[in-house]
Each structure stands twice: as structure tokens, then as C-alpha cells.
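A short write-up of the structure that comes next.
The values are calculated or read from the model by the stated rules, or taken from the named source; none is laboratory data. All figures in this text were calculated on a predicted structure; none of them were measured in a lab. Glycine also receives a Cβ, built like all others from the backbone with ideal geometry; neighbour counts cover every protein chain displayed. Just so you know, the surface numbers come from the protein's heavy atoms only, side chains and all, with ligands and any DNA or RNA stripped out. Shrake-Rupley method; radii C 1.70, N 1.55, O 1.52, S 1.80 Å.
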Amino acid sequence: MYLGIDIGTSGVKAVVMDERDRAAAEATAPLEVSRPRQLWAEQDPEDWWWAVAAALDMLAAQSPKAMAAVKAIGLSGQMLGVALLDKDDVPIRPALLWNDGRASAEGAELEARFPEFVDTVGCRAMPGFSAPKLLWLARHEPAALAQTSRVLLTKDYVRLCLTGEAASDRADSSATLLMDTRAGDWHDGIVAACGIDRATLPRLVESAEIAGTLRDELAARWHLPKNTPVVGGGGDNMCAGVGVGAVQAGDAYIGLGTSGVYFLANDRFVPAHRGGMHTHRHAVPGLFCQNAVVLSAGAALAWVARLMRADVATLVAEVEAARLPPADTPVFTPYLAGERTPHDDPTLTAAFSALGHGTGPLHLVQAVLEGVALALADGHDALIASGARIEAVTLTGGGARSLLWARLIAAAIGLPLSVQADAAAGPAIGAARLARQGVGGPLIASAAAQTTRIAVEPPLREQLLQKRMVFRKHPGLSR
């Protein structure tokens, strides 16, 4: 057995997987995001650890035999977070998350200081990324940065709690924008410009490299073998790629989680100079990944469900049963937290348009699903404009449970989708696969994943193409 742990934005998922990539047990625990000011998004790193511990406590109670058979642990996590720890490894302040938009000015400053910035790190210094946020902390909270002994990403803080080791994989770390992405090492000039030094950053390992072993007291608590190895792992985007089998150049997937990610594996390093795109190292040696990101995907659906004081799953089931034609629904632009691809603008706001007296609650919910699909179509176009050739796409993440959402996305991008039976656990499965590879096993097992093919429906595509013309007239886009 192999244990994969994914620390997402809205929750932790832990999966115990066997030698043939079949999930033997799984558990989840929730997380909440704090938004103390406009554009800010934060979480307490200790909450990540408590959620991981809660999920593993559940697995230990429900599946002790499976846990006792675990040979290795892999970690996946939300990317770009900035957790500051003091000399005792205690968090100094809440971590700044990937969807935090406060550091626009600092990003511009870094690009002005390093003319070769994009070609070195792989993308623009957009505000959600780690480097601009560190510079923001240096400018606005210098006392916090002065106390800092370690700067860690989300899953790497959990690794520290699990093993006592401060390490990070090169894939996840390449997205901090503190790294020379081709070389796979920290860039001392950019690091220093952000107000820290190399000593505060973790040592770098490969995604399938053993980075530490589980603490004895935790092994006993969770019925895991003593000295269970913990491999490097990767960011959730890279681990989702491994989870769905996007491990060769040209493989693509769309991940529907809190955000929406359109991911393409590439054997070339293609720096993204425009369009809110970004390029990083993949968790597979020798590969890079191009990414188009919609900042609010599942987050937009959760938002509209909160407005209606309803459960997300119930709302989606009701919308799917209603069979509403897109011609009858409003247009929704899902810019609740700004947007990355293709607009690169943290100040964009969401909007409903084309409302009428006949618009009801289910029309609004379906409009949110359609709006995310149209935003992903913008990401698809941005990837194609970069020279990418995309012929097949896999859909993964919690949103992949909705057949309607899958149909809308296929129609919006004009390509069929493959949906795997265990799509919601993609990053955790990817982390477990990396754990298996780390102790000498194959990355991908021989068992073929069960998939459902979602075809492009021409009438639905035509309706969404018509709606996209209104979608692109969002008033904020003229700025």
C-alpha cells in the first residue's frame, strides 16, 4: 500500500492505494480560507496539520490493516503558499495563499529589477505567486520577516510536521518564482531581492526522492510502519497530472477544484510572457508543464451555494435534472478573486448579465457552471496561442463528478474529455504513485483506469459560442 496526502484549499484528502492503483481507503477533512481584507486570502499553517492529522486518524480507525501495509508516503498540496516559521518552527503569521492578490506592485518591481525574470522562472511575477508575496511582506511586515527562520510551501510544512525535515521538491518549488526553473535550483539574486536568503529555504529533492521518514510517535498513532519513507511529492497541479496519467509530453488535463487548472505536459521549457499563463517543472523528470488557471471554479460554485443557503451537491443535482438550455440562462463571469488566465488581473470582479424576470435560482447555478467552462475555454485558447497542440484532455477534481459540468466544458473547448472513475482524488493518487516510485515501484501501474468519454455536443457548443460573445464583453475587461 502507498499513502497519498493532498492538502488542498478547501480540505485535505488522504488515499491509501494498492500496487494496482486501486484506492483501498480514503478520508477527508475540511479547511477554511480567511479573507481579512479585499484581495487577501490566508490560512493558518497549523490548520493544515490538524486537518492532515484528522484525516489520518480516520484512516487509522477505519482501515488499520491497510495503514499497516503502507510502504511510503507522498505529499501533494496547494501551490504558491507562503508560510513563515520562527526558530522553533512555529508559524509567525497566517500563510498567504495562491489566490491572494495583494502583491501586484511587488511583482512589477521584481520584473523591472530582473529583465530576464520570465525567461528564468517561467512566467510573469503575478500577485498570487510566492516571490511577490515575500517582497510584500518585506515591505509591509518587516518584523515578521525578520523573525523568519524558514519559508515553506503548504505540503512542505506538513512534511516538517511528519518528519522533522525541511525539504521541497523541485516541481512545486519552481512555481515560487524563486528558482532558475531550467537549472532546478534557487536563484540567489531573486531570493535576496525578496528580502530572504537561501538559508531560510528548504533543501531541494526530486518528486520521487525520499526526503525523510515518519516520526516514531506518528507511526504508532496511525498504525503505520516505523520509519515509513516520505518522498518529495509535488504541487497539486503536478500531482494531479501524475494521478490522471499526464506523464508524457502532450498529455493534458483540466482540474476542477477550488480553482480550475488546464495543464499540459511538455518536454520543452516554454516561458509564458503574457496571457496569465505559467510554466513550471513537472513532477516527472525531464518534463515541464504549461498551466492556464481560472482562479474561481469550484469556489464560484460554493459561493453561489452559500448565497442560496443550499448544499452544493444538492444544487448541482437539481440543475442537472432541470435540463436548462444555455439560451435561457444568464451569463456569469467567474472573477470572484480576480483572474489569472488570460487577463492577469487580480482586481477583476464577477458579474451576472442577461438577467430577466424568468431567471430563477437554478438558472444562476447553471450560469456559474457555464461561466467556468467559458473561462476554461479562454485558457484553452491561451495554450493554443503558445504553440501547444492538444488532442485529448482528461477531466479531474471534485467538479468532475458533475456530468453537466463535464458536458459544458467539452462543448466550450471543442474537445472530448475523459473522466476517470476516481477523478476527485487525482492529486492524492498522484502523490501515492510518486511514493511508490520512490521505493522502487512503477510510477503508473499496469491496471487501466476506468474512464467515461464526454463527447462534444454540437448544439450545446453552438449555444456556448453565442454566449461567449457576451461573456467577453465583461465591463472590467476594458480597463
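How do the pairs read when you match residues in the stretch 46-63 that are within 15 Å of Leu214 (Cβ to Cβ) with residues anywhere that are open to solvent by 30 Å² or more (accessible area, probe 1.4 Å) and outside any helix (DSSP H, G or I), using Cβ under 6 Å and keeping only pairs 6 or more apart or on different chains? Once the first residue is within 15 Å of Leu214 (Cβ to Cβ) and sits in the stretch 46-63, its partners that are open to solvent by 30 Å² or more (accessible area, probe 1.4 Å) and outside any helix (DSSP H, G or I) give Ala60/His223. Within this structure, Leu415 passes the test of being open to solvent by 20 Å² or more (accessible area, probe 1.4 Å), at pLDDT 90 or above and within 30 Å of His343 (Cβ to Cβ).
Pairing each residue of the stretch 244-271 that is among the aromatic types (Phe, Trp, Tyr) with any residue that is open to solvent by 30 Å² or more (accessible area, probe 1.4 Å) and assigned to a loop (DSSP other than H, G, I, E, B), provided the two are 6+ apart or on different chains, yields C-beta distances under 6 Å for Phe269/Arg182. Scanning the stretch 11-45 for residues that are within 20 Å of Leu84 (Cβ to Cβ), free of Cβ contacts under 8 Å to residues at least 40 places away in the same chain and open to solvent by less than 50 Å² (accessible area, probe 1.4 Å) yields one hit, Leu31.
Going by what's in this entry, would Thr154 be described as of a type in the set (S, T, N, Q), crowded, with 24+ Cβ neighbours inside 10 Å and in contact with a Gly (Cβ under 9 Å, 6 or more places away or on another chain)? The answer is yes for Thr154. Mind checking which residues of the stretch 170-229 are more than 24 Å from Thr148 (Cβ to Cβ), assigned to a loop (DSSP other than H, G, I, E, B) and more than 21 Å from the chain's Cα centre (by Cα)? Matches in the stretch 170-229: Arg182, Ala183, Glu209, Leu214, Trp222, His223, Leu224, Pro225, Lys226, Asn227, Thr228. Here Ala61 fulfils each of the conditions (1) in contact with a strand residue (DSSP E or B) (Cβ under 7 Å, 6 or more places away or on another chain); (2) among the hydrophobic types (A, V, I, L, M, F, W, C); (3) more than 19 Å from Gly195 (Cα to Cα); (4) not in a loop (DSSP other than H, G, I, E, B) apart from (1).
Just one of (1) closer than 22 Å to Glu46 by Cβ; (2) among the β-branched types (Val, Ile, Thr); (3) surrounded by fewer than 24 Cβ atoms within 10 Å (Cβ to Cβ) fails for Val247. It is (1).
Among residues of the stretch 358-379 that are acidic (Asp, Glu), those with a beta-carbon under 6 Å from a residue that is open to solvent by 20 Å² or more (accessible area, probe 1.4 Å) at least six positions away or on a different chain give the pairs Asp378/Pro342.
More than 27 Å from Gly164 (Cα to Cα), modelled with pLDDT of 95 or more and either within 13 Å of the chain's Cα centre (by Cα) or not aromatic (Phe, Trp, Tyr) (or both), is that true of Val244? Against the criterion (more than 27 Å from Gly164 (Cα to Cα), modelled with pLDDT of 95 or more and either within 13 Å of the chain's Cα centre (by Cα) or not aromatic (Phe, Trp, Tyr) (or both)), Val244 does not qualify. Of all residues in the stretch 64-89, those that are in a loop (DSSP other than H, G, I, E, B) and farther than 21 Å from Asp21 by Cα total 8. Going through (1) over 19 Å from the mean Cα position of the chain (by Cα); (2) among the β-branched types (Val, Ile, Thr); (3) outside any loop (DSSP other than H, G, I, E, B); (4) under 30 Å from Asp251 (Cα atoms) one by one, Thr279 falls short only on (1). Checked against (1) closer than 19 Å to Pro326 by Cβ; (2) open to solvent by 30 Å² or more (accessible area, probe 1.4 Å); (3) in contact (Cβ under 8 Å) with a residue 60 or more places away in the chain; (4) of a type outside the set (Lys, Arg), Ile409 passes all but condition (2). Applying a threshold of 7 Å to beta carbon distances and a minimum spacing of six or more residues, or different chains, the list of pairs starting in the stretch 189-204 at a residue that is farther than 17 Å from Asp156 by Cβ and ending at one that is of a type in the set (D, E, K, R) reads Ala193/Arg113. With the condition kept exactly as written, say whether any residue in the stretch 448-459 is at pLDDT below 95, charged (D, E, K, R) and out of contact with any His (no Cβ under 9 Å at 6 or more places or on another chain). Yes, some residue in the stretch 448-459 is at pLDDT below 95, charged (D, E, K, R) and out of contact with any His (no Cβ under 9 Å at 6 or more places or on another chain). Just to verify a result, which residue in the stretch 357-405, among those that are assigned to a loop (DSSP other than H, G, I, E, B) and in contact with a Pro (Cβ under 8 Å, 6 or more places away or on another chain), is surrounded by the most Cβ atoms within 10 Å (Cβ to Cβ)? Filtering first and then ranking leaves Thr359. Name the single residue, out of those in the stretch 282-294 being at negative phi and out of contact with any strand residue (DSSP E or B) (no Cβ under 6 Å at 6 or more places or on another chain), that is most open to solvent (accessible area, probe 1.4 Å). Looking at the filtered set, the residue picked out is Pro285.
When the stretch 205-233 is filtered for residues that are touching a residue at least 60 places away in the same chain (Cβ under 8 Å) and out of contact with any Leu (no Cβ under 7 Å at 6 or more places or on another chain), the ones remaining, listed by number, are Glu206, Glu209, Ile210, Arg221, His223, Pro225, Pro229, Gly232.
When Trp50, Trp98 are checked against the criterion of being of a type in the set (Phe, Trp, Tyr), open to solvent by 50 Å² or more (accessible area, probe 1.4 Å), over 24 Å from Val439 (Cα atoms) and out of contact with any Cys (no Cβ under 8 Å at 6 or more places or on another chain), Trp50 stands alone in meeting it. Selection of the stretch 11-35 for residues being in contact with a strand residue (DSSP E or B) (Cβ under 7 Å, 6 or more places away or on another chain) and under 25 Å from Pro346 (Cβ atoms) yields Gly11, Leu31, Val33, Ser34.
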